[in-house]
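Asker: Have a look at the structure that comes next, please.
The values are calculated or read from the model by the stated rules, or taken from the named source; none is laboratory data. The model shown is predicted, which means the values in this text are computed figures rather than measured ones. Don't worry about glycine lacking a Cβ; one is built from the backbone with ideal geometry, like all the others, and counts go over all protein chains shown. Areas reflect the complete protein model, heavy atoms only, side chains present, ligands, DNA and RNA absent. Shrake-Rupley method; radii C 1.70, N 1.55, O 1.52, S 1.80 Å.
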Amino acid sequence: MSSDLFPPADTPSPADNSRRSFLKQSGGILGLALAPPLVSQAERLTAYSKVVAGTTEFTLRVNGQARTVRAEPRVTLLDALRERLDLTGTKKGCDHGQCGACTVHIDGQRTLACLSLAVMQQGKEITTIEGLAQGTELHPMQAAFIKHDGFQCGYCTPGQIMSGVACVREGHADTDDQAREWMSGNLCRCGAYPNILAAVREVAGQPSKG
Amino acid sequence: MNDFSYTQAASAKEATGRLKDQAQAAYIAGGTTLLDLMKANLQEHPQLVDINLLPFKGIEQTKDGLRIGALERMSVVGEHPLVVQAFPAISQSLLLAASPQLRNMASIGGNILQRTRCGYFRDAAFPCNKRVPGSGCPAQTGDNHNLAILGVSDSCIANSYPGDLSVALAAFDAVLTLENAKGKQRRVPLTEFYLLPGTTPQKETVLEPGELIVAVTIPTAAHTQRSTYLKVRERSSYAYALASAAVGLDVQAGTIRAARVALGGVGAQPWRSREAEQALVGQPATDATFRAAAAAALRGAQPREHNRYKVELAQNTLVRALQQVAAG
């Protein structure tokens, strides 16, 4: 059994029976729970000290819901979303971190799902394009993309929108040039950039000068 | 991507202890380089040890200078007030690199360890001395338009580190703190961390199997505050450098008292140019001085057929960076 979870059998009993020395010597789970708060409890308890090999079951929080995933450690968050959870809004473009089509938010930060392992996202809040609207009410960025025709084929659009939402929230869409630079991780082969820029700038509060 | 086992470690001791086979296993932090290479079957690891819980965090002024934990993310460091104010070139090198998404993910340690974008290295159908020692280097006579011209060898002309941060770190005398599997720490100047290809291009750094990058420390000086990072690319954003320059100057009454120069995109490793620095120190901060320094920096260049343009491009990049810093 894992020595991380249980103290060795020959661990001597605490001499003074105080709570402090009990905690100290019991180590393992208690020690872990009381370790310096470098990380959230959720992160620590899900995967810590366990070797994950082959297909296992774990929980991801996606769009506010706890979802069970059965997958090998090598399965990316992108494949877990699309192939295991039927959330196909997040697109697979290059699968190598070069196009931005797979952009999702992890704990509020825009992130590439293709270069993230699903198993490493336990305890984190994942938001995909499916989680943006409030019921039938579109997110302002979604509405702005429709208004400004911010797409042609639409394949890059979920990534553009997720990136755009984060870009505005980060305060990186205050000028056209700044928005262009901070949206540059999302490629559009149709070349809808002027309209994408117009949508992002409108949500940021100032219409694009084109 | 071949399958692997995954485990999380909460301390350096635990991380190194969890490696079943130090030479085969890999640490994972942001994963942006590692998973890309594993997907392309350029690296294969039976075990990944997640080091994100290790306490290699923090951005703080110490008596030795600015200390950045190796697990801090590029986006956080690039916009941190201490870095923006006292080390503008380092902030710029981070914010001009990759994309916002990748910068949110990639750690400082992982950035330092990123690998070449040479097309022959990245395509397993080709021979490559870096990937398969002794197999050959088709880049010597092939498509070498974006490969290195300084520090190259007949075995390899890759820019082994294609990124930006380490160029700025090389310029400003950064020192890496490393910790090995026995818990022993050592400090290595960044300029001695990378290895030139010579006849062994597969050996890229002095990092030993199982060893971790703990932190990077950059001494504070007048020339770090008055600094810039200028990057020239094939498109205006989200691309690797064709040529770049990290420059810092301490100019007093028109005379250069101290200078730091490193070039990116042109060297087999982040290219600190002490030749350029010698040509600058004690001289007036004029275009003539800057051109002389740029000529000195590229004097040893060994271009191939398709990257000759880099000799002039790198010089112009350096001159413009020096002009910007001198004017600022």
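Asker: Identify all residues within the range A:55-79 that are in a loop (DSSP other than H, G, I, E, B) and open to solvent by 30 Å² or more (accessible area, probe 1.4 Å); write none if there are none.
Answerer: A:T55, A:N63, A:G64, A:E72, A:R74, listed by residue number.
Asker: Applying the selection to the range A:113-125, what residues are surrounded by 24 or more Cβ atoms within 10 Å (Cβ to Cβ) and more than 20 Å from A:A53 (Cβ to Cβ)?
Answerer: Of everything in the range A:113-125, those that are surrounded by 24 or more Cβ atoms within 10 Å (Cβ to Cβ) and more than 20 Å from A:A53 (Cβ to Cβ) turn out to be A:A113, A:C114, A:L115.
Conditions tested, residue by residue: (1) under 17 Å from the mean Cα position of the chain (by Cα); (2) open to solvent by 10 Å² or more (accessible area, probe 1.4 Å).
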| position | (1), (2) |
| --- | --- |
| B:A245 | yes, no |
| B:V251 | no, yes |
| B:R260 | yes, yes |
| B:V266 | yes, no |
| B:A301 | no, yes |
| B:V319 | no, no |
| B:Q324 | no, yes |
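Asker: If you don't mind, there's one more thing I want to ask. Here is a list: A:R110, A:R82. Which entry is part of a helix (DSSP H, G or I) and buried (at least 19 other Cβ atoms within 10 Å of the Cβ)?
Answerer: Just a single option satisfies the conditions, and that option is A:R82.
Asker: Has the range A:138-153 got at least one residue that is polar (S, T, N, Q) and under 30 Å from A:A71 (Cα atoms)?
Answerer: There is no residue in the range A:138-153 that is polar (S, T, N, Q) and under 30 Å from A:A71 (Cα atoms).
Asker: Filter the range A:160-204 down to residues that are of a type in the set (A, V, I, L, M, F, W, C) and farther than 23 Å from A:G89 by Cα and give me whichever is farthest from the other protein chains (Cβ to nearest Cβ).
Answerer: A:A204
Asker: Follow-up question, since we're still on this one. Hey, which of the helices (runs of 4 or more DSSP H) in the range B:1-110, taking only ones fully inside, have at least 2 residues that are touching a residue at least 60 places away in the same chain (Cβ under 8 Å) and within 8 Å of another protein chain (Cβ to nearest Cβ)?
Answerer: B:100-105
Asker: Here is a further query. Residue by residue through the range A:178-203, note down the ones that are within 21 Å of B:L95 (Cα to Cα), open to solvent by 30 Å² or more (accessible area, probe 1.4 Å) and aliphatic (A, V, I, L, M).
Answerer: Scanning the range A:178-203 gives a single hit, A:L187.
Asker: May I ask you to list the residues in the range A:81-97 that are out of contact with any Cys (no Cβ under 9 Å at 6 or more places or on another chain) and either in contact (Cβ under 8 Å) with a residue 60 or more places away in the chain or within 12 Å of chain B (Cβ to nearest Cβ) (or both)?
Answerer: Passing the criteria: only A:G89.
Asker: Next question, about the same structure. Mind counting the residues in the range A:145-177 that are surrounded by fewer than 23 Cβ atoms within 10 Å (Cβ to Cβ) and more than 17 Å from A:R110 (Cα to Cα)?
Answerer: Looking only at that region, the number is 13.
Asker: Go through the range B:184-202 and count every residue that is surrounded by fewer than 21 Cβ atoms within 10 Å (Cβ to Cβ), in contact with a Ser or Thr (Cβ under 8 Å, 6 or more places away or on another chain) and not in a strand (DSSP E or B).
Answerer: Residues meeting the conditions: 5.
Asker: Spot the failing condition for A:E137; the list is (1) surrounded by fewer than 19 Cβ atoms within 10 Å (Cβ to Cβ); (2) away from chain B (no Cβ under 11 Å); (3) touching a strand residue (DSSP E or B) at 6+ places or on another chain (Cβ under 9 Å), and only one is missed.
Answerer: The failed condition is (3).
Table: residues versus (1) in contact with a strand residue (DSSP E or B) (Cβ under 8 Å, 6 or more places away or on another chain); (2) at pLDDT 95 or above; (3) surrounded by 22 or more Cβ atoms within 10 Å (Cβ to Cβ).
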position: B:A89; (1), (2), (3): yes, yes, yes
position: B:N104; (1), (2), (3): yes, yes, yes
position: B:S107; (1), (2), (3): yes, yes, yes
position: B:C118; (1), (2), (3): no, yes, yes
position: B:F126; (1), (2), (3): no, yes, no
position: B:G134; (1), (2), (3): no, yes, no
position: B:C137; (1), (2), (3): no, yes, yes
position: B:T141; (1), (2), (3): no, yes, no
position: B:L147; (1), (2), (3): no, yes, yes
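Asker: Just need a number here: residues in the range B:3-22 that are small (G, A, S) and crowded, with 21+ Cβ neighbours inside 10 Å.
Answerer: Within the range B:3-22, residues that are small (G, A, S) and crowded, with 21+ Cβ neighbours inside 10 Å number 3.
Asker: Hey, does the range B:178-193 have a residue that's touching a strand residue (DSSP E or B) at 6+ places or on another chain (Cβ under 6 Å), over 19 Å from B:G69 (Cα atoms) and not assigned by TED's automatic domain parsing to the domain that holds B:D250?
Answerer: Taking every residue of the range B:178-193 in turn, none turns out to be touching a strand residue (DSSP E or B) at 6+ places or on another chain (Cβ under 6 Å), over 19 Å from B:G69 (Cα atoms) and not assigned by TED's automatic domain parsing to the domain that holds B:D250.
Asker: Could you grab the pairs with beta carbons closer than 7 Å, sequence gap of 6+ or different chains, first residue in the range B:231-256 and within 14 Å of another protein chain (Cβ to nearest Cβ), second one open to solvent by 10 Å² or more (accessible area, probe 1.4 Å) and of a type in the set (D, E)?
Answerer: Here the result reads B:S237/A:E181, each pair linking the range B:231-256 to a residue that is open to solvent by 10 Å² or more (accessible area, probe 1.4 Å) and of a type in the set (D, E).
Asker: Filter the range B:111-127 for residues that are within 22 Å of B:Y238 (Cβ to Cβ) and assigned to a loop (DSSP other than H, G, I, E, B) and give the result.
Answerer: Within the range B:111-127, B:L113, B:Q114, B:R115, B:T116, B:R117, B:C118, B:G119, B:F121, B:R122, B:D123 qualify.
Asker: So in the range B:284-294, with the set limited to residues that are crowded, with 17+ Cβ neighbours inside 10 Å and free of Cβ contacts under 8 Å to residues at least 40 places away in the same chain, which one is farthest from B:T191 (Cα to Cα)?
Answerer: B:T289
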